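Enquirer: Structure provided below as structure tokens; questions to follow.
The values are calculated or read from the model by the stated rules, or taken from the named source; none is laboratory data. On a predicted model such as this, the values are computed, not experimentally measured, just so you know. Neighbour counts are summed over all protein chains in view; Cβ atoms, including those assigned to glycine, are modelled from backbone coordinates with ideal geometry.
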Amino acid sequence: MSLIVAEGLAKSYGRVVAVDSLNLKLDEGSVTGLIGPNGAGKTTTIKMILGLLKPDRGVVKVFGQNPWDNTAIRSMIGVVYEKAFFPSHQKTLDYLQRVCRIFGVPESRAMEVLELVNLQEASDRDIRALSAGMLQKFAIAHALIHKPKLIVADEMTANLDPQARSELLDLVLQLHRDEKVTFLLSSHILPELSRVCDSVAIINRGKVWAFGKLSELYEKYAVGIIRVSTDSSYALEAEISKLKYVKELESDIRGISVRVVEGKEDKLYEDVPKLAKKIKAKILGIETGSASMQELYRLAISAKERK
Amino acid sequence: MGKGKPFLEVLASAIHEDYRFPFLEVFAFLYALGTFVFASFGVTITAQGGTSEAIVYEAITPLLSIPLFIFIILVFKNIAYGLGSDLEKGIIQTYFSYPLKRRGILTAKLLSALGVALLIFLGIQISALYILAPDIVLPQLDTVLLMYAANLSYPLLIAGIMLLLTLKLRRGGITLVAGIVLYFAMSIISAIATVIAFATESPLALQIISVISPSLALQQYYLGIFDFWTPAFSEVILYTGASYVVVAFVFFLGYTYFSRRLNL
């Protein structure tokens, strides 16, 4: 069953086209990442899904219904916005207890969700006194109050320190595993998404450029990728780039991702050690098909642009 | 889950924010000060005599002037700045994640911003009337009610226009500035219209102003400042009714925009 279906969605702000003929389908039980550069249309898409923005064209259905001013579906959705704001002169626990009453769940749930995000010690603090990271955790607790079936989060881990991010991703996995919660997560931090997502929608210029299961996307776009780990990435990259069968390559401090013409993988395995020897670089490992999500994203975008 | 619970909780949350310490205390004090200090003058003036309705009019008019101005300040604070900031910062977005219709959210915000302000205003006014001048006020209750209705429609119109401005601009600070400019512009236009009416001895300008501010027609009816226009009592009621139709229309526009068109 699809929880979110968007067909031909379009939204413009004056002359600026934010979303153009966007199609998206989110299956129940999936964890889908919405990735794309700044201004790609991720937030606009999420706002239309949540009924905050009215599409200029197209249809969006959430739980089979139009989300615009539909109160029935709000009880099934948890929302985390990129910038979280709440009535600031209320205490965290008091406000969450109010939200419990709004959704008709026991008030004890307020403390439960604060504990889930490790914010129990701030339970008697004014919301305005929370740091940016704490406020983000509070927003996540707020989204979990009514045990939603679907959580839509726009840059959920923004403002969080690395440990809090990791804990939050563990929580996403736990909720997905134990309570079968469906997630739609928008983020710029691609390694995080690769940890929790089973599907990805790559958005660029207001359209979905690639969408599907991660495994399918890797198969489609990342075939022929070989990762070379070395102690001299940039020097070796210069040598590898001279090989005629190399289509693309990208290096970072830990190694080089090389994409070769199909069928030339074995040739690269032969040539790389020779090139390394020539420039006295040390090869730490060579493996096939281990593109990062960053690479997958880049490959999908460039494949689409070539079309 | 009942439909009323989310509404009441959002209302309670809005009241908590709009009237947090020391706003409630300060405004209640100013209301009381403005009412009781000027009330004593009003009662003194009534001793001069006239018809019983005119006596009531003269007694109550001073009670209204300062508190009505404070009411308008509270409207600016709660609607222009309060609702504007909520829209700007995203608190309304947060409310939109609750199982409550858009019009319910706006009603909760307006009940807090306007309803509570009006309750405090009327509460203190009624107390003042009963404490200071029960013998004058009680026999002329219909005149008293008409006075309050006529005097409140203009501040409510300002509130409605502020609402439209706030929904359009969606910025607390800039809406506050725009609202103050608009308020003074309306006052200046009203003053110019009065001067024109006085110079031309034509009641047309006064009649137009009376549609949005029927207290002018009421003043003419009781005090007859301008010789060339003395409206009948039925006309005063007509102007008052028309002014509330205008107020209702402005709020209707606000509700329609908020419910059907407001993109966040």
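Enquirer: With respect to residue B:180, determine if the residue is in contact with a Gly (Cβ under 9 Å, 6 or more places away or on another chain), of a type in the set (Val, Ile, Thr) and touching a residue at least 24 places away in the same chain (Cβ under 8 Å).
Expert: Here the answer is no, as residue B:180 does not meet what is asked.
Enquirer: Further question on the same structure: Residues in the stretch B:96-112 that are buried (at least 19 other Cβ atoms within 10 Å of the Cβ) and at the interface with chain A (Cβ under 9 Å from one of its Cβ atoms): how many?
Expert: Number satisfying all stated conditions: 7.
Enquirer: Which number in (1) under 15 Å from the mean Cα position of the chain (by Cα); (2) in contact (Cβ under 8 Å) with a residue 60 or more places away in the chain; (3) surrounded by 21 or more Cβ atoms within 10 Å (Cβ to Cβ) marks the one condition that residue B:116 misses?
Expert: (3)
Enquirer: If I go through the stretch A:205-251 residue by residue, how many of them are among the β-branched types (Val, Ile, Thr) and in a helix (DSSP H, G or I)?
Expert: Summing the residues that are among the β-branched types (Val, Ile, Thr) and in a helix (DSSP H, G or I) in the stretch A:205-251 gives 1.
Enquirer: Working only within the stretch A:30-56, note down all residues that are among the β-branched types (Val, Ile, Thr) and within 19 Å of residue A:302 (Cβ to Cβ).
Expert: The one that is among the β-branched types (Val, Ile, Thr) and within 19 Å of residue A:302 (Cβ to Cβ): A:35.
Enquirer: Helices (runs of 4 or more DSSP H) wholly in the stretch A:89-204 with at least 1 residues that are touching a strand residue (DSSP E or B) at 6+ places or on another chain (Cβ under 6 Å), within 14 Å of chain B (Cβ to nearest Cβ) and crowded, with 18+ Cβ neighbours inside 10 Å - which ones?
Expert: A:132-144
Enquirer: May I pose another question? Which members of the stretch A:68-83 meet the condition of being assigned to a strand (DSSP E or B) and either free of Cβ contacts under 8 Å to residues at least 12 places away in the same chain or more than 9 Å from chain B (Cβ to nearest Cβ) (or both)?
Expert: Across the stretch A:68-83, the qualifying residue is only A:80.
Enquirer: With A:107, A:115 as the choices, which residue is under 29 Å from the mean Cα position of the chain (by Cα) and of a type in the set (D, E, K, R)?
Expert: Just one listed residue meets the conditions, A:115.
Enquirer: Determine the pairs where a residue that is closer than 19 Å to residue A:137 by Cβ and in the same structural domain as residue A:41 (by TED's automatic domain parsing), located within the stretch A:170-199, has a partner that is part of a loop (DSSP other than H, G, I, E, B) and among the hydrophobic types (A, V, I, L, M, F, W, C) with Cβ atoms under 6 Å apart, the partner being 6 or more residues away or on another chain.
Expert: A:175/A:181
Enquirer: OK, next. Using the structure shown, decide if residue A:39 is closer than 23 Å to residue B:90 by Cα and modelled with pLDDT under 90.
Expert: Taking the combined requirement at face value, the residue satisfies it.
Enquirer: Something else about it: Could you please let me know if residue B:131 is farther than 28 Å from residue B:235 by Cβ, of a type in the set (Val, Ile, Thr) and within 14 Å of chain A (Cβ to nearest Cβ)?
Expert: Judged against the criteria, residue B:131 is not a match.
Enquirer: Another question, if that's okay. Being surrounded by fewer than 23 Cβ atoms within 10 Å (Cβ to Cβ) and of a type in the set (A, V, I, L, M, F, W, C) is the filter here, so list the residues in the stretch A:19-30 that pass it.
Expert: Residue satisfying the conditions is A:24 alone.
Enquirer: Looking at (1) more than 8 Å from chain B (Cβ to nearest Cβ); (2) touching a residue at least 24 places away in the same chain (Cβ under 8 Å); (3) within 14 Å of residue A:186 (Cα to Cα), can you tell me which one residue A:61 breaks?
Expert: (3)
Enquirer: A further question follows. Check off (1) in contact with a helix residue (DSSP H, G or I) (Cβ under 8 Å, 6 or more places away or on another chain); (2) small (Gly, Ala, Ser); (3) within 24 Å of residue A:33 (Cα to Cα) for residue A:302 and give me the number that stays unchecked.
Expert: The number of the failed condition is (1).
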